[in-house]
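The structure appears below as structure tokens.
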């Protein structure tokens, strides 16, 4: 729908609030999703700083503040269509298409105060307030008409069939303005040959003052602030067209690059429009300089689809522009703070890579619908490792054709970002853009000892990182990552290397461990890391029990068992969940050792495993046993393969 001119008292209140707002700093544009799926109409309430959106598919009116934040939802309005605000902003009227009635809502309390049934199957859909009456379009296709609710009567009455002889092809789109009393505008919008009709309603009964065909299929329309002209968004044209209501002669056009969809006019006469935007070049146009100057353009949505109902409105003071955009699953609310300003677009193009301490050139462009003159100052900031908060490079002038370029020699390597800023002016929005260059750095020398070495369980091992020449950073980190998911990687030491370039840490080797030294780089030397993987054996021992003595055969100690006594072998090994020890038994015969049996036995949580080896049953039998941890085969991979020592025993009578 459209913005209605407020009565004197409200207009003064809005003007006062506008002056206060103008003194405050401008806030940023707002974009947020809004729970409206099928917006048919949007009305702005300047007195309460609210917006009302009719959602016909969900049968509700969504009420928000000027940022799009929902204040409340008025439900139970089946297929609600057009909305109309009374001149004093005290009452919101809603055409409830699915219930054959018009509902009045108090805007202070947001509660229903009255209902006006329009008759069975009249399905009212369009509204306009004029001369104390609420005019409405109703019906469907050729069975459509014009009616009114006389709100001045003690008991408001509904009157139908007021079209003054015109046979509407669809419910008329209705427009009226208190600054032009006695006038009601009707658009027969849904047929190509349908006219625009200006009614004289000064007598209370409509009479056709002037009518003219202007192409039909009108998408939207808005009255100028004085109520004397109408701007129409129609199909098949790449322009909005303005007509005088006195004779419906064309006054001017507002060119747009695609089919116009909605139109709204601010209190100062600024025309805004949305277009279908099939090429995604821009969907919202504001003619701040009138029809003879290019429009400022914004691209609020990248979806190509017909616009949502009347989905664009100016705020009551004309300082903001509210727009709904939609896709197939989401509706977005946009509040534009400086709608009359031309949107400035900055682009910055820096080389992808560059050498440190060598000159490079940054190029770019600054464009707008209203071109900016050569010499326009642009502020440049360089951010790098030496200046993480940014270093000003001063201002650079915009060249001819909106192009610019400047040279710089980056003193630091790594990612170097050039940010260019245009501050904006009275007619252009500010703009900022940046691009990043990957500036080369030297590769430092970084080494770490002990790679591939194997150590006994629990041994303290010194790992030393050596850092060669760098620029400023002499700090190295040493990380330890023991094998096994239960031991996370952790930082075990960080600090500056000594005068020889070394930093050391001692680790107790209880597991295989990946040790990593990290140098994070500086402005002239790149970051680097090196890894050294060192390995740890398990701690393993084997004890025999039930022997009756020990003694030596040659130089080897033997455990002596009676020939019918079972040998108990107890293994103690570093514990890990699910770990098994491999028990290996060999028998001595005619001067050689022969494999007797090999089997894996699970360790208890105390790291022990006791196995009964049995007895020989005869004297003179010699044997030996040992326990081992075999990487992977013992059930895990957190240690390196470790063989325990042999335990020798002999059976006697």
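The values are calculated or read from the model by the stated rules, or taken from the named source; none is laboratory data. None of these values were measured; they are calculated from a predicted model. Cβ placement follows ideal geometry from the backbone for every residue including glycine, while neighbour counts extend to all protein chains displayed.
Looking only at the range 77-93, residues that are farther than 15 Å from residue 309 by Cα and either out of contact with any strand residue (DSSP E or B) (no Cβ under 8 Å at 6 or more places or on another chain) or buried (at least 20 other Cβ atoms within 10 Å of the Cβ) (or both) come to 6 in all. Identify all residues within the range 108-122 that are without any contact (Cβ under 8 Å) to a residue 40 or more places away in the chain and touching a strand residue (DSSP E or B) at 6+ places or on another chain (Cβ under 9 Å); write none if there are none. If the condition is that a residue be without any contact (Cβ under 8 Å) to a residue 40 or more places away in the chain and touching a strand residue (DSSP E or B) at 6+ places or on another chain (Cβ under 9 Å), then 111, 112, 113, 115, 121, 122 are the ones that fit. From the residues in the range 543-562 that are touching a residue at least 24 places away in the same chain (Cβ under 8 Å) and within 18 Å of residue 611 (Cβ to Cβ), which one is surrounded by the most Cβ atoms within 10 Å (Cβ to Cβ)? Here the residue is 561.
So which pairs qualify, if the first residue must be in the range 172-197 and at positive phi, the second must be outside any strand (DSSP E or B), the Cβ gap must be under 7 Å, and the two must be at least 6 apart or on different chains? Short answer, once both residue conditions are applied: 182/131; 182/201; 182/202. Residues that are at negative phi and within 44 Å of the chain's Cα centre (by Cα) number at least 3 in the following strands (runs of 3 or more DSSP E) confined to the range 69-153: 70-74, 80-85, 91-96, 101-106, 111-117, 126-130, 133-140.
Okay, residues lined up against (1) in contact with a strand residue (DSSP E or B) (Cβ under 7 Å, 6 or more places away or on another chain); (2) in a loop (DSSP other than H, G, I, E, B); (3) in contact (Cβ under 8 Å) with a residue 60 or more places away in the chain; (4) more than 27 Å from residue 652 (Cα to Cα):
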site	(1), (2), (3), (4)
564	no, yes, no, no
571	yes, no, yes, no
578	no, yes, no, yes
596	yes, no, no, no
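Among the residues making up the range 240-256, those that are over 19 Å from residue 198 (Cβ atoms) and surrounded by 17 or more Cβ atoms within 10 Å (Cβ to Cβ) are 254, 256.
If you filter the range 182-202 down to residues that are modelled with pLDDT of 95 or more and in a loop (DSSP other than H, G, I, E, B), you find that the one that is surrounded by the most Cβ atoms within 10 Å (Cβ to Cβ) is 201. Before we move on, is residue 638 in a loop (DSSP other than H, G, I, E, B) and surrounded by 13 or more Cβ atoms within 10 Å (Cβ to Cβ)? Yes; evaluated as a whole, the condition is true for this residue.
Among the residues of the range 238-255, those identified as outside any strand (DSSP E or B) and either over 36 Å from the mean Cα position of the chain (by Cα) or under 14 Å from residue 288 (Cα atoms) (or both) are 245, 246, 247, 248, 249.
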